[in-house]
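This report refers to the structure that appears directly beneath it.
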Amino acid sequence: KYSTIELNKMSLGPYAAELIETARAIAAPGKGILAADESTGTIGSRFKAINVENIEENRRKYRQLLFKTEGLEQYISGVILFEETLYQKTDEGAEFVALLKEKGIIPGIKVDKGVKPLAGTNGETVTQGMDDLDVRCAKYYAQGARFAKWRAVLNIKDSIGATPSQVAIDENAQTLARYASICQQNGLVPIVEPEVLMDGDFTIEVAAAATERVLAAVYKALSDHHVMLEGTLLKPNMVRSGSDAKPQADANQIALATVRVLQHTMPCAVPGVTFLSGGMSEEEASLALNAINQAPGPRPWSLTFSYGRALQQSCLKAWMGQDANVPAAQAVLLGRAQANSLANLGKYAGGAGGEAANTSSFVKGYVY
C-alpha cells in the first residue's frame, strides 16, 4: 500500500491514495452499485407506468425509499445519483449524502449531459458535458460525492464490422479519457462507461468483436491521458446476442464471451468491473453476472453490478407511489440486491423475486 507522499511523488496527484481506496471499496467482494441516476425525463417514464406524477417531491420520496432500505449496505457499496438527488434531504431533514455515508455507502454522481449526433455517421453519437466539468466535479466533491459516471453509447448496425465506426470509437474513447482525467484531478473516481448497445439482429460473436474494439480503444486513450487505472472502474455492457437475434445466447455463453473480451483488453490494475444490465430482466441480469463469476480463466478484477432497471423495476411496481407500500418495496429491493451480491460471488442459485423478476426492462436506444 503506497503512502500519500509516495503517490504524489509518482505524479498521480493529491487525491491518488483516496481514489484507490474509494475504487477498491466500491469493488469490495459481494457488493455492487445501485444506479439511481435517472434523469428527470427517464424517471418520469418509470413513474408513468405506475401512475405516479413526475414532480420533485415524488422523486425525493422514491429515492428516500431506496436509500433508507434497512440492510442495503450489506450488498450495495455505492449509489449513483442524479444532480437533483445529490442535494435532496430525508423527511427528517438529513441530506441523502449523509444518510448514505452513515450506512457506509459511497455517493456518486452522473456528470455527462447526454449524447449528440456525430454528423455523417449512421446514427452514431458522442457524449456531451465536457465544458465546466472540472468546476462541477469540484462542487460535487464538496457536496460529498466520491465517484462519477459518464456514459458513452456505441451502436452495432451491421454484421461486417462497419459499426461502431472508427470515428465513433475514437471520439468516445477520447472523451471518456478526458472525463476520467478531470474527475481524478478533482477527487472523484471515474466510472468509465462505454456501452455498446445490444439493439439489433446480430450474433454474440459480432457483439464480442465490437466490444473488444471499443474497450481496446478506451484503454489506449486512458493510457494516453495518464489516467491512474487503480483509481477507476469500468462499466461495460455484457457481450450478448442482439435483441432481435434468434437464437439468443444463454448465460454461460454470455459469461464466456464477456470474460474473454475483458481478458483481451482490460489491465489488471483496474480493481473492478461494474456491469450495466442493458435491458435484461432482473433475473437474467443476476444469472448472467453469476455465470460471469464462474467463468474459466483468469479474472483479476471484481466482476460486479451497477444496475438501475435490474434493481428497481419490481421495487417500483411494489411501491406504486403509496406510502403504505414502502416496506414491501424495500423488501423487494433488498432481495434483488442480495441476489446480485451472491452473483458477484458466483453463488446465486436463481429464483429471487419470482415471476415478476423475469419481466424484460429492454428499451430500444435506451437513454438515461
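The values are calculated or read from the model by the stated rules, or taken from the named source; none is laboratory data. From a predicted model like this one, the values you see are computed outputs, not experimental measurements. Here the Cβ positions follow ideal geometry from the backbone for every residue, glycine too, while neighbour counts run over all protein chains shown. Just the protein is used for accessible areas: all its heavy atoms, side chains included, with ligands, DNA and RNA removed. Shrake-Rupley method; radii C 1.70, N 1.55, O 1.52, S 1.80 Å.
The helices (runs of 4 or more DSSP H) found entirely in segment 8-80 that carry 2 or more residues being more than 20 Å from the chain's Cα centre (by Cα) and more than 27 Å from residue 286 (Cα to Cα) are 16-26, 56-67.
Can you confirm whether residue 242 is buried (at least 18 other Cβ atoms within 10 Å of the Cβ), free of Cβ contacts under 8 Å to residues at least 60 places away in the same chain and in contact with a Gly (Cβ under 7 Å, 6 or more places away or on another chain)? It is false that residue 242 is buried (at least 18 other Cβ atoms within 10 Å of the Cβ), free of Cβ contacts under 8 Å to residues at least 60 places away in the same chain and in contact with a Gly (Cβ under 7 Å, 6 or more places away or on another chain). Being at pLDDT 95 or above and not hydrophobic (A, V, I, L, M, F, W, C) is a property that holds for residue 172. Of the numbered criteria (1) open to solvent by 20 Å² or more (accessible area, probe 1.4 Å); (2) at pLDDT 95 or above; (3) in contact with a helix residue (DSSP H, G or I) (Cβ under 6 Å, 6 or more places away or on another chain), the one residue 30 fails is (1). Within segment 200-214, the set of residues being closer than 25 Å to residue 32 by Cα and open to solvent by 10 Å² or more (accessible area, probe 1.4 Å) comprises 208, 212. In segment 183-205, the residues that are within 17 Å of residue 80 (Cα to Cα) and among the small types (Gly, Ala, Ser) reach residues that are part of a helix (DSSP H, G or I) and open to solvent by 10 Å² or more (accessible area, probe 1.4 Å) with C-beta atoms within less than 7 angstrom, at least six apart or across chains, in these pairs: 187/18; 187/141.
Take the conditions under 13 Å from residue 242 (Cα atoms) and either surrounded by fewer than 21 Cβ atoms within 10 Å (Cβ to Cβ) or touching a residue at least 12 places away in the same chain (Cβ under 8 Å) (or both) and apply them to residue 217. Does it pass? No. Scanning segment 183-196 for residues that are of a type outside the set (D, E, K, R) and open to solvent by less than 10 Å² (accessible area, probe 1.4 Å) yields 183, 187, 188, 189, 190, 191, 192, 194, 196. Of all residues in segment 143-168, those that are over 20 Å from residue 205 (Cβ atoms) have Cβ atoms under 6 Å from Cβ atoms of residues that are open to solvent by 20 Å² or more (accessible area, probe 1.4 Å) and charged (D, E, K, R), 6 or more apart or on another chain, in 149/110. Give the number of residues within segment 142-158 that are within 21 Å of residue 115 (Cβ to Cβ) and surrounded by fewer than 21 Cβ atoms within 10 Å (Cβ to Cβ). Total satisfying the criteria: 2.
Of the residues 325, 340, only one is assigned to a helix (DSSP H, G or I) and either more than 18 Å from residue 79 (Cβ to Cβ) or over 20 Å from the mean Cα position of the chain (by Cα) (or both); which? If you could, list the steps in order and put the result at the bottom.
Values: 340 fails: either more than 18 Å from residue 79 (Cβ to Cβ) or over 20 Å from the mean Cα position of the chain (by Cα) (or both).
So the residue among 325, 340 that is assigned to a helix (DSSP H, G or I) and either more than 18 Å from residue 79 (Cβ to Cβ) or over 20 Å from the mean Cα position of the chain (by Cα) (or both) is 325.
Against the conditions (1) surrounded by fewer than 24 Cβ atoms within 10 Å (Cβ to Cβ); (2) closer than 24 Å to residue 184 by Cα, residue 95 satisfies every one except (2). Applying a threshold of 8 Å to beta carbon distances and a minimum spacing of six or more residues, or different chains, the list of pairs starting in segment 316-342 at a residue that is aromatic (Phe, Trp, Tyr) and ending at one that is open to solvent by less than 40 Å² (accessible area, probe 1.4 Å) reads 319/50; 319/62; 319/65; 319/326; 319/329.
Yes or no, residue by residue, for (1) open to solvent by less than 40 Å² (accessible area, probe 1.4 Å); (2) part of a loop (DSSP other than H, G, I, E, B); (3) out of contact with any helix residue (DSSP H, G or I) (no Cβ under 9 Å at 6 or more places or on another chain):
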| position | (1), (2), (3) |
| --- | --- |
| 101 | no, no, yes |
| 107 | yes, no, no |
| 129 | yes, yes, no |
| 140 | yes, no, no |
| 162 | no, yes, yes |
| 167 | no, no, yes |
